[in-house]
Amino acid sequence: QVQVEESGGGWVQPGGSLRLSCAYSGTDFRTYAMGWFRRAPEKQREMVARITGGGGTSYADSVKGRFTISRDNAKNTMYLQMNSLKPEDTAVYYCKLVGLSLNEYWGQGTQVTVSS
């Protein structure tokens with residue numbers, strides 16, 4: 001049974017940092033593409049960052065230079081390091097895993113709140 005779980009969210013002041021983790025289990029995810037998405041109140045879900053099975057990365061323009069996505073296949077964990085956080089980064093953050101057959105797995109989400 002595949003399990004995907006995010007952690008690391010919380011409250012932080014503007015300019016602060018958080019690191020989100022996405023732990024997964026239940027199959028071999030080494031070839032999976034992975035990504036972080038977020039949904040802010042009254043807004044549509046948007047892609048934040050993606051990482052391929054080979055380690056290639058891409059980011060939304062709004063987070064370039066501030067966020068870093070990474071993965072540790074040995075630990076079955078993906079990360080999102082978020083620096084210089086802004087109030088507009090407030091959202092529920094989700095991780096998504098996509099297999100070569102385009103099968104998808106999502107976590108339940110973790111809340112990130114940036115405010116003073």
**Item:** When residues of the range 17-33 are limited to those that are modelled with pLDDT of 95 or more and polar (S, T, N, Q), the one most open to solvent (accessible area, probe 1.4 Å)
**Value:** SER17
**Prompt:** When SER7 is evaluated against the numbered criteria (1) touching a residue at least 60 places away in the same chain (Cβ under 8 Å); (2) surrounded by 15 or more Cβ atoms within 10 Å (Cβ to Cβ); (3) over 21 Å from SER116 (Cβ atoms), which criterion, by number, is the only one it fails?
**Reply:** (2)
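Just to be sure before I move on: is TRP36 surrounded by 21 or more Cβ atoms within 10 Å (Cβ to Cβ), of a type outside the set (Lys, Arg) and out of contact with any helix residue (DSSP H, G or I) (no Cβ under 8 Å at 6 or more places or on another chain) in the structure I sent?
So TRP36 passes the test.
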**Fill in**
Subset of the range 82-99, residues closer than 13 Å to GLY35 by Cα and either open to solvent by 60 Å² or more (accessible area, probe 1.4 Å) or of a type in the set (Lys, Arg) (or both), comes to LYS96
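Just one of SER21, SER58 is closer than 19 Å to THR110 by Cβ, part of a strand (DSSP E or B), of a type outside the set (Asp, Glu) and out of contact with any helix residue (DSSP H, G or I) (no Cβ under 8 Å at 6 or more places or on another chain); which is it?
Every option except SER21 fails the conditions.
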**Message:** Looking at the range 100-116, can you tell me whether even one residue there is surrounded by fewer than 18 Cβ atoms within 10 Å (Cβ to Cβ), among the hydroxyl-bearing types (Ser, Thr, Tyr) and part of a strand (DSSP E or B)?
**Reply:** yes
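The values are calculated or read from the model by the stated rules, or taken from the named source; none is laboratory data. The structure presented is a predicted model; accordingly, all values stated were derived computationally and were not measured. Heads up, the Cβs are rebuilt from the backbone with ideal geometry, glycines too, and the neighbour counts pull from every protein chain shown. Keep in mind that these areas ignore ligands, DNA and RNA; they rest on the heavy atoms of the full protein, side chains included. Shrake-Rupley method; radii C 1.70, N 1.55, O 1.52, S 1.80 Å.
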